[in-house]
1. Run the reach check for K204 against lysines, Cα to Cα strictly under 29 Å, same-chain hits fewer than 8 apart removed. What comes back?
2. Report the one residue of S482, V435, S449 whose Cα lies farthest in the direction of the positive end of the charge dipole of segment 393-489 (charges on C-beta: Lys and Arg +1, Asp and Glu -1; origin at the Cα centre).
3. Take peptides 408-415, 277-284 and line them up by average Cβ neighbours within 10 Å, highest first, as a rough protection proxy.
4. So how strong a dipole does segment 225-337 carry about its Cα centre when Lys and Arg Cβ are +1 and Asp and Glu Cβ are -1, to the nearest 20 debye?
5. Would you calculate the separation in nanometres between label points at Q210 and H109, each defined as 7 Å from the Cα along the Cα-to-beta-carbon direction?
6. Do you know the Lys pair count in segment 260-389 for C-alpha distances under 26 Å, with sequence separation 8 or more or different chains?
7. In square angstrom, what is the accessible area per residue of segment 302-435 with a 1.4 angstrom probe?
8. Separation between the D327 and L223 pseudo-spin-labels, each 7 Å from Cα along Cα→Cβ, expressed in nm?
Amino acid sequence: MYAIINVMLDIYATLEINKVLSEVASYTRSELAKERILNLRMTGDKVELKRNLALLKEMMSCSLRHNNPPIEVSFDLSKYLEIAKKSGVLSPLELDHVALDIETANKIHEYFLKVEKEQYPLLLELSRKLYNESHIAKQIRSCIAPNLSIRDDASEKLTSIRRSIISTERKVRDQSATLINRYKEFLSDSTVTIRNDHFVLPVKSSNKSQIPGIIHDVSDSGLTTFIEPAQLVQLSNELYVLRSQEREEINRILKELTNVVASSERELLQNNKVIAEIDYLTAKSNYGNERNGFAANLVDDRVLIVKNARHPLIEDEKAVRNSFNLDKDQRIIIISGPNAGGKTVALKTLGLVVMMNQMAIPVLTSETPTLPFFPRIYADIGDNQSLADNLSTFAAHISNLSTITYFVTAKDLVLIDELGTGTSPNEGEAIAISVTKFLLDKGTYALVSSHFEAMKEFAYSNKGAVNAMMVFDDKKLLPTYSLRIGLPGRSYGLEMAKRYHLDDSVLNHAKEYLDKHETSDINDILDELTKTLNANEEIDALHHINTKTTAVVDEKFKATIGEASVDTTATITLVAYEPNKLTYETNAAKDGVVVLSEIYYPGWEATIDDTETDIACANYVLRAIKVPAGKNCVVLTFRPKSIETTEAIAYGAMTILIIGIAIELFTVTRKKKKIV
């Protein structure tokens, strides 16, 4: 049991969730809410999580529509009530905090009376738990002033005592003025001062015998002696008694207020907790609304759809948005690409999305994400070398993997960075394949990053696994940090080495070495597929005829289709879809060229208004047909032709997605290499 607890504790540190929680906690106004957020952990109960997310959604909506609930500040009253319960006496400050909480509870109650009942049922249910303890707040306010002093009229006795104090102090001042005039030649200063709560005259030490009275102090220099004249002793004693009576009366008043507070302990604690709960929800809501986040939809199916997620610890304007999709047919995503290209950030981003969701914190996406319930998240990210435990980097990774494979279930999420590193490439690759297969067979959802070519092949040849790449700008030799699911990525080791100024002779030798081995042609194919996919992404999603479509075709393609004029106002719309058959409607003012991205050659035939026409093919993904002016019905039909086995593997039967093309081409290339 220790191992699973250890791993679960590590996941919070690995994903740096405490930094996120600190940011969320900065929105709180109550001590309890702040403490609760800073100590948040993933909810282990699905029903509880659903309710928490429902409350969060209500608060995010309510705050936008009606502003935040009126909470200025709320302190933890439990410690105060513990003092009151044990016959202690609360200070004016502590009683002020109690009164403030009561007033806040009343304001919150009034706030929720104005909101729409049908839209915020859970919040209204929460607000109904508040008690109206206004009588206590009024009693406290009647005794304690805003500056936390006790009001003169807090009791009749206190009023009388303070009047007597004022009268006696006046007598002291009058008598002191008379004495100053009488003894002014013996004084070092003509001002009455106070020492040890007694009124004294500052007398020159050389003349101290000239003034009868009680010595209370001597200056540091010894030149001044502070004497209470005999004429003031009686008045000072009277003041001393009056102030003692004042303190006793104040203490009695505070004790009485404390008893009133203690008598409503249950109600005040309940209010304190409800205020904290509402502040807790408001803090999460403000975090989500200010950072354009969303409360996720928690679904029973094992489906994860996250659009354009950004890492919460990266500034919004700098963060690269990435999307993730996992389901029973795509359970494991194997990410490849260059070092420092964003693989680790991608893993942590999804991990934080899931973790924040299971803390009912808004996640930073472009739309409401769909997430299943994950009881646990396991991760092996970063260098876990431990000198204290005598663990090398590899041993630390294996220790983590051992724990993961022992405890993981089909309902958990696993994040593994650079799986299989730290040992010989062949053994590391074998371990990586075996661990990935174990997770795949288990039904676990996972994101795994790797540089191993065999891992890329594994994703192609095993249902439930899919490749993904971190896109790299090979012209600027810079990572884009953008994740593209469906294609494997190159490591760009030589390119990165060049960027960091590795010696040219070393680079040239490395290139010569690679040319003699098999990996170079694989990288060439990956480059071609990436360029083709980038070109295809430039085509409008609705396949409008425009000047950009002809800009992406090569010279061979232009020669095939001719230099047809382009009508930028023309449209092409998919109006019917059947297995192996797509029907479009085109509308153009003049003859033009339509570039299609749903099909690839061979096997497809095209007709325009029932007349057969040629399909021009430039490369793996760009096809085009000439379309005359006016409205036309374009029908594309797939009829498999007799082709060689290797071509069949390469082209497939029918693929609409570009990713499918990439998969098939990559697979056949690897198979051809093995045959040779």
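The values are calculated or read from the model by the stated rules, or taken from the named source; none is laboratory data. Quantities reported herein were computed from a predicted structural model and do not represent experimental measurements. We place every Cβ from the backbone using ideal geometry, glycine too, and count neighbours over all the protein chains shown. The accessibility values were calculated without ligands, DNA or RNA, using every heavy atom of the protein model including side chains. Shrake-Rupley method; radii C 1.70, N 1.55, O 1.52, S 1.80 Å.
1. Those lysines meeting the cut-off are K171, K184.
2. S482
3. By packing density, highest mean first, the sequence is 277-284, 408-415.
4. Using Cβ point charges on Lys, Arg, Asp and Glu, segment 225-337 gives about 660 debye.
5. 7.1
6. Within segment 260-389, the lysine pair count is 12.
7. Averaged over the residues of segment 302-435, the accessible area is 38 Å².
8. Taking the simple label geometry, D327 and L223 are separated by 9.4 nm.
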